[in-house]
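**Student:** Got a structure for you, questions after.
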Amino acid sequence: MSSHGPSPEHDSTIVAALYLSGLRHGSSYTPAELRQAIAQSYAGLHPSESLLPRYWAAQRAADAGDQDSRERRLWALRMAAVLAQDEQPTGRTPSQWAAGPASSPAAATASPSRRPDPAVQRLRAARRLPVRVTVTVLGVHMAIAVLARQAGDLLALPIAGPFNVGFGLLLVQLAVTAGAAVWYGPYAQATIDPLTEHVPSCLAHPESDR
């Protein structure tokens, strides 16, 4: 093959990877497709194996008059030139393409700004407890309502004098509701309000964006 330009020993690793890839040497491909094929060529290697010796062995195994092998090498040289013309802002080497797509610099720069502010995280954590208390109160209301509908005989059982189970559950319902209301005021004043002062209003009150 030396009569058709430089010997294969002078070819780059990109040419070798394209030659050994599964692409059809009679077709044209986009730079992205060529990079994917190169990545697959590297992915098929053993960690201790190099790509160029395999390429040189394939060239030596081909006869001097092997038209198909010669055309495939010329195609690999042309496709390598296409890749050389395509800008690579990430500066990744062919062997690094096998590791998958790299994150763009813009994405890497933007990711820290997307992290929630610590003050917002503390505010959200402080608001979870009132939500749990509210769910508990509603659960008590629902349970008593279900008992009143499905177990009327149970609620009618007397406890002491005129007081029965239903009246006792009503007192429990009132106590739970009043206790939650009395508890929330001081809790919000001591915990939620100070945190809200350190958070922008658009984040402290998401419903204002609607």
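**Student:** Could you tell me whether region 65-80 includes any residue that is modelled with pLDDT under 85, open to solvent by 60 Å² or more (accessible area, probe 1.4 Å) and touching a Phe, Trp or Tyr at 6+ places or on another chain (Cβ under 9 Å)?
**Tutor:** Within region 65-80 (the criterion being modelled with pLDDT under 85, open to solvent by 60 Å² or more (accessible area, probe 1.4 Å) and touching a Phe, Trp or Tyr at 6+ places or on another chain (Cβ under 9 Å)), the answer is no, since none of the residues qualifies.
**Student:** Which ones in region 24-42 are open to solvent by less than 40 Å² (accessible area, probe 1.4 Å) and basic (Lys, Arg)?
**Tutor:** None - no residue of region 24-42 is open to solvent by less than 40 Å² (accessible area, probe 1.4 Å) and basic (Lys, Arg), so the list stays empty.
**Student:** Can you say whether LEU157 is touching a helix residue (DSSP H, G or I) at 6+ places or on another chain (Cβ under 9 Å) and surrounded by 13 or more Cβ atoms within 10 Å (Cβ to Cβ), as far as the supplied structure shows?
**Tutor:** no
**Student:** So the check is Cβ under 8 Å with 6+ separation or different chains; which pairs have a first residue in region 165-192 that's surrounded by 14 or more Cβ atoms within 10 Å (Cβ to Cβ) and a second one that's charged (D, E, K, R)?
**Tutor:** Partner pairs satisfying both residue conditions: ILE192/ARG127.
**Student:** Answer yes if at least one residue in region 116-123 is open to solvent by less than 50 Å² (accessible area, probe 1.4 Å), within 20 Å of the chain's Cα centre (by Cα), modelled with pLDDT under 85 and on the phi < 0 side of the Ramachandran plot, and no otherwise.
**Tutor:** Looking for residues that are open to solvent by less than 50 Å² (accessible area, probe 1.4 Å), within 20 Å of the chain's Cα centre (by Cα), modelled with pLDDT under 85 and on the phi < 0 side of the Ramachandran plot, one finds none in region 116-123, hence no.
**Student:** Separate question: Being open to solvent by less than 80 Å² (accessible area, probe 1.4 Å) and among the hydrophobic types (A, V, I, L, M, F, W, C) is the filter; apply it to region 126-145 and report the residue that is nearest to THR191 (Cα to Cα).
**Tutor:** Residue satisfying both the conditions and the ranking: ALA126.
The values are calculated or read from the model by the stated rules, or taken from the named source; none is laboratory data. All values derive from a computational prediction rather than experimental measurement. Neighbour counts are summed over all protein chains in view; Cβ atoms, including those assigned to glycine, are modelled from backbone coordinates with ideal geometry. Calculation scope for accessible area: heavy atoms of the full protein, side chains included, ligands and nucleic acids excluded. Shrake-Rupley method; radii C 1.70, N 1.55, O 1.52, S 1.80 Å.
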